[in-house]
Amino acid sequence: MSGSFGTVERTATGTVDQNLSKIIGVSTGLIAFNIVLMLALSFVPPAVALGRLLFGSLFVGMAAFAISVGGGSWVASKGVQRGSLPLAGAGLTLTQAGYGLFGAYILGLASAALRLPAIGIAVVITAAITGVVAYVVYTTDRDFSSWQSYSFYLFIGGIALAAAGYFVFTPLVLLAGLVFFAAFTVSLTYEIWAVKENRYASDLRNAIGIYVAVMGVFVNVLIWVLRILELLDA
């Protein structure tokens, strides 16, 4: 078994020797820290203001999300591939900041009394979705290798729908949100399948992939939970 996240260790059969508990532990820790971070930042006015500046408008928000979350996860993965933990850490910091400020912004739009209940409900729903996806992946022999590409196409489709909603037909923006949710769910399916199939030689790479996908599902669920709670609270 590899004692380092950045090294490759293979068994006698040639498959990558993974530490599943380490993958689950690291990804869960990253997720938990990011959720606590966004909740804490939602009570810090300058952080909420920065989140509003970055994510308050459609096109700037999509660009900021792509750079912080997408770019950060890409940098982190490159750091793992090169065996550079500082580079991986820098990428994770950028991703954590992106999710943290985005979460602070959407939580900051709701009353303080609704924020913790909304997070609790969103955590339960996200955990259920993750559990269902993991069950499907691990109990079937289906090849999900193409789902990484599918998630990319869905992200592009979501951006196109959001743009069309902005310029042509506003309800398409809501549909774009559902497409983004689907994109992260598809990405999560691929990442869990990648762990099952020993797709990557690094436990940290696997943990990062699952963390980014689960957080993507979580923030989309959180948006809808907040909307529903606000309607019920009105």
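Just so it is clear, none of the values below were taken in a lab; they were calculated from the coordinates. In this text, all values refer to a predicted model and were calculated from it rather than measured experimentally. Methodologically, a virtual Cβ is constructed for each residue, glycine included, from the backbone with ideal geometry; neighbour enumeration extends over all protein chains shown.
For the chain, a/c is not less than 1.5, where a ≥ b ≥ c are the root eigenvalues of the C-alpha gyration tensor, and a/b tops b/c. That puts it in the prolate class. Here the spin labels are modelled as points 7 Å beyond Cα on the Cα-Cβ line, and at ALA113 and VAL132 they lie 3.2 nm apart.
In this rough spin-label picture, where each label sits 7 Å from Cα along the Cβ direction, the PHE59-LEU175 distance is 2.1 nm.
Each stretch of four or more DSSP H residues adds -39500 (n - 2.57); spread over every residue of the chain, this sum gives -27000 deg cm²/dmol at 222 nm. With a Förster radius of 45 Å applied to the beta-carbon distance between ALA40 and ALA164, the computed FRET efficiency rounds to 0.80.
Would you please state which residues of the range 175-216 a label at SER84 would reach in this model, taking the label point 7 Å out along Cα→Cβ and a backbone N cut-off of under 17 Å? Answer for this model: 205. Compute the angle between helix 45-55 and the longest alpha-carbon principal axis of the chain, please, reported from 0 to 90 degrees and rounded to the nearest 10. The answer is roughly 80 degrees. Given +1 at the Cβ of Lys and Arg, -1 at the Cβ of Asp and Glu and no other charges, the dipole of the chain around its Cα centre is 280 debye to the nearest 20.
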